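Worksheet: the structure to be examined is printed underneath.
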Amino acid sequence: MFTPHTKADQDAMLTTIGIDRIEDLFQYLPAEYRFPDLNLPPALTEIEVLTELQDIAWANDTTRELVSFLGAGAYNHYSPAVVDAILRRGEFYTAYTPYQPEISQGTLQAIFEYQSMIAGLTGMDVCNASHYDGATAVAEAVNMAYHNFRGKRPKVILSPGVHPHYRETVRTYTRDSEVTLVGDQGEVEVDAGPEELIPLIDDTTGLVVVAYPDFFGRIFDYSELAEAVHEAGALLSISVNPIALGLLKAPGEFGADIVTGEGQSLGIPLSYGGPYLGLFATRQKYVRKMAGRLAGETVDNRGQRAYVLTLTAREQHIRRDRATSNICTNQGLLALAATVYLSLLGRHGLRQVSELCYHKAHYAADQISGIKGYELWSDQTFFNEFLVRCPRSAQEIYDHLLEHNLIAGYPVGKDYPGFENHLLIAVTEMNTKEDIDWLVAGLEEVLNA
Amino acid sequence: MNIPADLKYSENDEWIRIEGNTGTVGITDFAQDQLSDVVFVEIIAEQDEELNQGDACATVESVKAAADVYLPVGGTITEINEDLLDTPELVNTDPYGEAWMVKIELSDPSQADGLLDADAYQKHCEVRLA
Amino acid sequence: MPEHLMCELSVPGRVGFQYPESDVPAAQLPEDMLRDDLPLPELAEIDVVRYFTRLSQLNHSVDTGFYPLGSCTMKYNPKINEETARIQGFANLHPLQPIETSQGALALMYHLQMWLNEIGGFAGTSLQPAAGAHGELTGVLIIRAYHRSRGDTKRNKILIPDSAHGTNPATSAMSGLQVIELRSDDRGNVDLDALREHCDDTLAGLMLTNPNTLGLFDENVEEVNRLVHEAGGLIYGDGANMNALLGIIRPGDIGFDVLHYNLHKTFSTPHGGGGPGSGPVSVTEQLVDFLPDPVVDIIEPGDEESGVPPLYGLVAPNKTIGRVKAFQGHFGMFVRAYTYIRMHGAEGLRKVSENAVLNANYLLAKLRDTYHIPYDRVCMHEFVAEGRWAEAPDIHALDVAKRLMDFNFHPPTNYFPLIVHESLMIEPTETESKETLDAFAKTLIQIAEEAHSDPELLKSAPHTTPFGRLDEVKAAKELVLCCVPEYARG
């Protein structure tokens, strides 16, 4: 199957090696533990394994079978056929890190295109070849800011509007370090806007982290916050949903020093949580502080334009315990997916999908806030997601509508105590007006149930 | 390999030129050769900063390696070489001259007694090339 | 031939993808928040498809040729993996869906956790870490949390052999530990005397790659683990080289406390041009409560007799270190690894490792007379040779590597591990045939001859690839990291 040797091949090879049996190759291993009997189910053929996995998958009801308004950091968008067609090219997906640029120009040039597009989209100067996901990208921003100030500014302000998983990830990463995290521990209200974070900034603050749109879908102009942050000598990091940037001002325009994001919405399937794509872009002056791989332009010895991994001296394989991050891989194939997606959609397509999300979400919000008992939690401008205050437990409403094959959104009570009646509703281009009307009818009906 | 007789050396391949109470610090010819083409120099130390012997004062990067530069003798930074930021290749072409990195006011000149002289440093290099 | 960049191919007005017209009334756009430019190309679908297809053809890949890149396990990636991962019921499942609607995915994760426990000899597994280095970070955080939970707060020191991957020391430093490098002895094992010096009550643990990066099984491993445990430390296993051990030995049986797997190495999930990886972490019983949040567990037992399956759920372990990323991990990779393990069973997995080790030793036997092998004994799934000869003083391992490309072989890993001069780290994997190995050995022997007879041929290699050697100094000095297109200049 996947190992081509015949018995004759193996015998000939053993003869060359000068031993009789394959087992002899393992004579240095502790004898009493050698060759354990593994308790695993018996092997299946391809036909059987496909059937088994289809059966397992059958037990899932997906966003394609249910009507779903679930977002909260992962979004149900359409991925054009071209994206997967390119991802399925073995030359891309069965290659590894382009350590040998002479025979890896495909991967390298694709990374360069990715860097260019994400830098352009975010309004930043440089972008790395990606981090694991939107959460770890924020953790790397914290790490970068900490090292940038050589530990002298250990305080990091996290807006409560940053995705709960991202904040939790940052806590895990920094538990054993000098970094202190404030902002989401009750120092400000959950609905705090950027101006309410400003009083938390002091001369030990290294980084302020906000989201755009934030977890509740709200969009803020962060220009004043950026000014205050810079006046205090700190850095500003903005976590984005890149689809929103098809329509909205680039965070670079606000004065962000670091832009991170979850790139899943750029043509990457939901796939129960991963693999996704961690965006990370920054200003030119911080390029050497940024962790992660980078492709740079150069020429080969025949005078041809070509690309190579550059600034590798910052990375763990050279700096070892002096590296600022241990990151080694990037999300290569997912960065390629995002690149193909953005290339195909182009400037018209991205604007179009961004607007579709915006209009549909606003239609939904209008309709829902028209139902007696429901109201929008915030009157702040929003993109494609919004928080609704329900007349009773959001979880109960959600459970009830699930019985009718409708995922009404995300009840945020488990992440934000006191918000047990609040439902976070996301709308994408995949939701038709009919879906939305059905959601509205369901939300209304459930009150009488 | 060029190892000027009038300098003192650290085992970590820094040199220091001591004139009165002033020291000038850089990295050696051996070090630049091991690094190959230097593409970036960052002086970490700040003007007037007081550093101890062994504290990092600069970082040097080539395409295949990165090295921290440590102060061979403690002191207060009196001058830093800004030219290296734009022309890091000076480290390769003139390691003992134009590529000096920082100048310091020595806090304890006796610390220099523990450094290597040119002969001892020469041996230190040869051992590593073998 | 270099390909144009998309910013150069873009033609104003071209459209690659069309969305349906909006079916809802238009809302008021937030004028003061709108961007006025969108620096993206304008291309038709065929432009995009041709561009990326042509780019792909500039890559060497497992599908197009031998890829013996040491420590990376570039084995063949079965095509069925790509089908199973894309089954609709997996691909379109949202990570925050209620568990009632995602029992299939949870069952799959539960079984994969169990299988990894079984393969490594451990009690609990988290699938969440995104890659090997991320698994290391998770593992080291678990070790720290374990000591802290016992009030044992002075353990701030971690030992790492000099042959280790760079991620090991970088990870430890990131977790605030002081890294102490341990030298290797002359057989490539951890030096026991060096180890004893550091076995005291400040020892948090030891990170050990076994087989190590020389491809050698550490002959002292049980003694190493005993010494560290005696001092109160824990053993972290870097599972980068698990492809040598499936059904051969279980790290948990010989004293490892934590181990990360690389699903993209050992369990055939694709390397993807640099990722995604997937780095599940397995631990012994005493560490299970510290695993990242969440793990999959049975929250309501089923009833086999009446055919009611158990109810699976996502659970936070009691003393969890917390999340290490958003959601549940690289689920798409779990489906592929599940497929792979399910198609092999216990016997098949053992054959994987047997053949991986056979192939490495076969190549070693063929090359031993031509290339110096600094630690020459029976190797595991890979070995390290030196790409240098006293009689060919100008030739470096890099030149051998570049010359290999002329024969459609990907070079071995070079300049790693750091303890060997001019190293060439060769990992053939089990999926390569004897013919491929023979051709590769023959080519390496020919290159060794050329190194002596015509060194310039190596110095100027590669010759037949679409690109020659690159000017890395120029790239690092000029730092052109983005295309600045006409349309972005305004």
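What's the percent breakdown of Cα-Cα distances in the stretch C:407-488 across 5 Å bins, shortest bin first?
Distribution as computed: 3, 10, 13, 18, 19, 15, 8, 7, 5, 3, 1 percent.
Karplus couplings for the stretch A:414-426 from phi (6.51 cos²θ - 1.76 cosθ + 1.60, θ = phi - 60°), rounded to Hz, Gly and Pro as x?
Ordered by residue, 3J(HN,Hα) equals 6, 9, 10, x, x, 10, 5, 9, 10, 10, 9, 10, 10 Hz.
Have a look at A:Q316, A:Q27, A:Q367 and tell me which one the Gaussian network model of chain A (Cα, springs below 10 Å) gives the largest fluctuation.
It is A:Q27.
Grab the alpha carbons of the stretch A:82-341, take their convex hull, and tell me the volume per residue in Å³. The partial results should precede the final answer.
Values: hull volume 33.4 nm³, N = 260.
In the stretch A:82-341, the Cα hull volume divided by residue count equals 129 Å³.
Which value in nm describes the separation of the simple spin-label points at C:T202 and A:E375, placed 7 Å from the Cα toward the beta carbon?
Here the modelled spin labels are 6.1 nm apart.
Can you give the local net charge around C:L481? Use residues other than it whose beta-carbon is closer than 10 angstrom to its beta-carbon, Lys and Arg +1, Asp and Glu -1.
-3
Report Rg (one decimal) and Dmax (nearest whole number) for chain A, counting Cα atoms only, units Å.
Expressed in Å, the Cα Rg and Dmax of chain A come to 25.2, 84.
For the stretch A:1-73 and the stretch A:102-125, what is the centre-to-centre distance using only Cα atoms, to the nearest Å?
That distance is 35 Å.
Amide H neighbours of B:V69 under 5 Å, counting only residues 5+ apart in sequence or on other chains, H built in-plane at 1.01 Å?
B:C57, B:A58, B:T59, B:V60
Against the 2.2 N^0.38 Å scaling, with N counting residues, where does the stretch C:1-156 land? I'd like the Cα-based Rg ratio to two decimal places. Don't skip to the end; give the middle numbers.
Numbers: Rg = 24.3 Å, N = 156, 2.2 N^0.38 = 15.0 Å.
Computed over Cα atoms of the stretch C:1-156, the ratio equals 1.62.
Expressed in nm to one decimal, what extension gain is obtained for the pair A:R389 and A:T432 from 0.36 nm per residue of sequence separation less their Cα-Cα distance? Walk me through the numbers before you get to the answer.
Numbers: separation 43, 0.36 × 43 = 15.48 nm, distance 2.31 nm.
Here the segment from A:R389 to A:T432 would lengthen by 13.2 nm.
What distance in nm separates the two pseudo spin-label positions at C:L34 and C:K319, each 7 Å out from Cα along the beta-carbon direction?
5.7
Residues in the stretch B:29-54 near a label at B:A112, defined as backbone nitrogen under 20 Å from the 7 Å Cα→Cβ point?
Residues B:29, B:48-54 fall inside that zone.
Please express the shape of the stretch C:245-319 as an equivalent ellipsoid: the semi-axes are the square roots of 5 times the eigenvalues of the C-alpha gyration tensor, given largest first in whole angstrom. It would help to have the intermediate numbers written out before the result.
Working: eigenvalues 145, 68, 48 Å².
Equivalent ellipsoid semi-axes, largest first: 27, 18, 16 Å.
What average number of partner chain Cβ atoms lie no more than 10 Å from the Cβ of the residues making up A:47-58? Intermediate results must be reported in sequence, preceding the final value.
Details: counts 1, 2, 11, 5, 0, 5, 13, 7, 2, 13, 12, 5.
Partner-chain Cβ atoms within 10 Å, mean over residues of A:47-58: 6.
To the nearest 0.05, what FRET efficiency results for C:E347 and C:R368 with a Förster distance of 45 Å applied to their C-beta separation? Provide the component values of the computation, followed by the final result.
Working: r = 31 Å, r/R0 = 0.69.
Efficiency, rounded to the nearest 0.05: 0.90.
For the stretch A:318-324, what does the Karplus curve 6.51 cos²θ - 1.76 cosθ + 1.60, with θ = phi - 60°, yield as ³J(HN,Hα) per residue in whole Hz, taken in order and with x for Gly and Pro?
In residue order, the calculated couplings are 9, 7, 6, 6, 9, 5, 7 Hz.
For chain C, treating each Cα as an identical point scatterer without solvent, what Debye log10 I(q)/I(0) comes out at q = 0.14 1/Å?
Listed by q, the Debye log ratios stand at -1.38.
For a quick check: with amide H placed at 1.01 Å from N, whose amide H comes under 5 Å from A:N60's, ignoring anything fewer than 5 positions away on the same chain?
Result for A:N60 returns C:G104.
Report, please, the projected area of the stretch A:135-207 averaged over directions, based on the convex hull of its C-alpha atoms, in nm².
Values: hull surface 17.7 nm².
In nm², the orientation-averaged hull projection of the stretch A:135-207 is 4.4.
Just to be sure I understand the curve: with the Debye formula and one point per C-alpha of the stretch C:118-183, what is log10 I(q)/I(0) at q = 0.12, 0.13, 0.16 Å⁻¹?
One equal scatterer on each Cα of the stretch C:118-183 leads to -0.35, -0.41, -0.62.
Checking the cross-link filter: which lysines have an alpha carbon closer than 30 Å to that of A:K433, excluding same-chain neighbours under 8 positions apart?
Partners within reach: A:K249, A:K360, A:K372, A:K414.
Counting each DSSP H run of 4 or more residues in chain C as -39500 (n - 2.57), what helix-only mean residue ellipticity at 222 nm follows after dividing by all residues, to the nearest 500 deg cm²/dmol?
Numbers: 15 runs with 169 residues, N = 490.
So the helix-based figure for chain C works out to -10500 deg cm²/dmol.
Could you state the principal axis extents of the C-alpha atoms in the stretch C:1-87, from the largest down, to the nearest angstrom?
Extents along the principal axes: 57, 37, 25 Å.
Short version: ³J(HN,Hα) in whole Hz for each residue of the stretch A:130-139, in order, from phi by Karplus 6.51 cos²θ - 1.76 cosθ + 1.60 (θ = phi - 60°), x for Gly and Pro, what are they?
So the J values, rounded to whole Hz, are 3, 10, 5, 6, x, 6, 5, 5, 5, 4.
Over the whole of A:384-392, what's the average partner chain Cβ count within 10 Å per residue? Rounded to a whole number, please.
Numbers: counts 0, 0, 0, 0, 0, 0, 0, 0, 0.
Per residue, the average neighbour count from other chains is 0.
With a length cut of 20 Å (Cα positions projected on each helix's long axis) and a Kyte-Doolittle mean of at least -1.0, go through chain C and give me the DSSP H helices that pass.
Details: long enough: C:103-120 (25 Å, 0.38); C:132-149 (25 Å, 0.08); C:331-367 (40 Å, 0.16); C:434-453 (28 Å, -0.21).
Answer set is C:103-120, C:132-149, C:331-367, C:434-453.
What is the Cα convex hull volume of the stretch C:80-343 when expressed per residue in Å³?
Details: hull volume 34.8 nm³, N = 264.
Looking at the stretch C:80-343, the number lands at 132 Å³ per residue.
Helix A:46-58 sits at what angle to the longest principal axis of chain A, using alpha carbons and giving 0 to 90 degrees rounded to 10?
Roughly 20 degrees, rounded to the nearest 10.
Scan around B:I27 for amide H atoms under 5 Å from its own, H built in the peptide plane at 1.01 Å from N, and keep only partners 5 or more places away or cross-chain.
Those qualifying (amide H under 5 Å, at least 5 residues apart or on another chain) are B:W15.
What is the Cα coordinate range of the stretch A:238-331 on the first, second and third principal axes, sorted by size from largest, in whole angstrom?
Computed over the stretch A:238-331, the largest-to-smallest principal extents equal 42, 33, 29 Å.
Which value, in nm² and rounded to one decimal, describes the direction-averaged projected area of the C-alpha convex hull of the protein assembly as shown?
Numbers: hull surface 166.6 nm².
Value for the protein assembly as shown: 41.7 nm².
Given the C-alpha centroids of the stretch A:181-241 and the stretch C:211-240, what is the distance between them in whole angstrom?
Each part's Cα centre sits 45 Å from the other's.
Evaluate the stretch A:362-449: find the radius of gyration of its Cα atoms, find its Kirkwood radius, and give the ratio Rg to Rh. Mind showing how you got there, number by number?
Details: Rg = 11.9 Å, Rh = 12.9 Å.
Across the stretch A:362-449, the Cα-based Rg/Rh ratio is 0.92.
Quick check on the stretch A:293-449: what does the Kirkwood estimate of hydrodynamic radius come out to from the alpha carbon pairs, in Å? All intermediate terms of the calculation are to be shown ahead of the outcome.
Details: mean 1/r = 0.0514 Å⁻¹.
When all Cα pairs of the stretch A:293-449 are included, the Kirkwood radius is 19.5 Å.
Taking a ≥ b ≥ c as the square roots of the eigenvalues of the Cα gyration tensor of the stretch C:358-445, is the shape rounded (a/c under 1.5), prolate (a/b larger than b/c) or oblate? Each step should come with its number before you reach the end.
Details: a/c = 1.64, a/b = 1.24, b/c = 1.32.
Oblate shape, in that a/c is at least 1.5 and b/c is the bigger or equal ratio.
Which net charge results for the neighbourhood of A:A129, defined as the other residues with beta-carbon distances under 12 angstrom from its beta-carbon, given Lys and Arg at +1 and Asp and Glu at -1? All intermediate terms of the calculation are to be shown ahead of the outcome.
Working: positive: A:R293; negative: A:E113, A:E315.
Within the 12 Å Cβ shell, the charges total -1.
Any chance you could give the angle, 0 to 90 degrees and rounded to 10, that helix A:164-174 forms with the longest Cα principal axis of chain A?
With rounding to tens, the tilt is 50 degrees.
Between A:D125 and B:R128, what is the label-to-label distance in nm when each label sits 7 Å out along the Cα-to-Cβ direction?
According to this spin-label approximation, the distance is 3.3 nm.
So what is the 222 nm mean residue ellipticity for chain A from helices alone, if each DSSP H run of at least 4 adds -39500 (n - 2.57) and you divide by all residues, rounding to the nearest 500 deg cm²/dmol? Please report the intermediate quantities before stating the final value.
Working: 13 runs with 156 residues, N = 449.
Result for chain A, helices only: -11000 deg cm²/dmol.
Over all Cα pairs of the stretch A:140-266, how is the pair count split among 5 Å bins, expressed in % and running from 0 up to the last occupied bin?
That works out to 2, 12, 23, 26, 21, 12, 4, 0, in percent per bin.
Sticking to Cα atoms, compute the Rg of chain B to one decimal and its Dmax as the biggest Cα-Cα distance, whole number, in Å.
Values for chain B (Cα only, Rg and Dmax): 13.5, 41 Å.
Determine the shielding of peptide C:432-441 by partner chains: average, over its residues, the number of Cβ atoms on other chains within 10 angstrom of each Cβ. Show your work: numbers first, answer last.
Values: counts 3, 5, 9, 2, 1, 3, 3, 0, 0, 1.
That works out to 3 on average.
Go through A:K289/C:K319; C:K265/C:K442; A:K152/B:K103 and tell me which ones have a Cα-Cα distance over 29 Å in this structure.
A:K289/C:K319
Coordinate-derived values only; no laboratory data. As the structure is a computational prediction, the values presented were derived from the model and not from experiment. With ideal geometry, Cβ positions are generated from the backbone for all residues, glycine too; neighbour counts draw on all protein chains shown.
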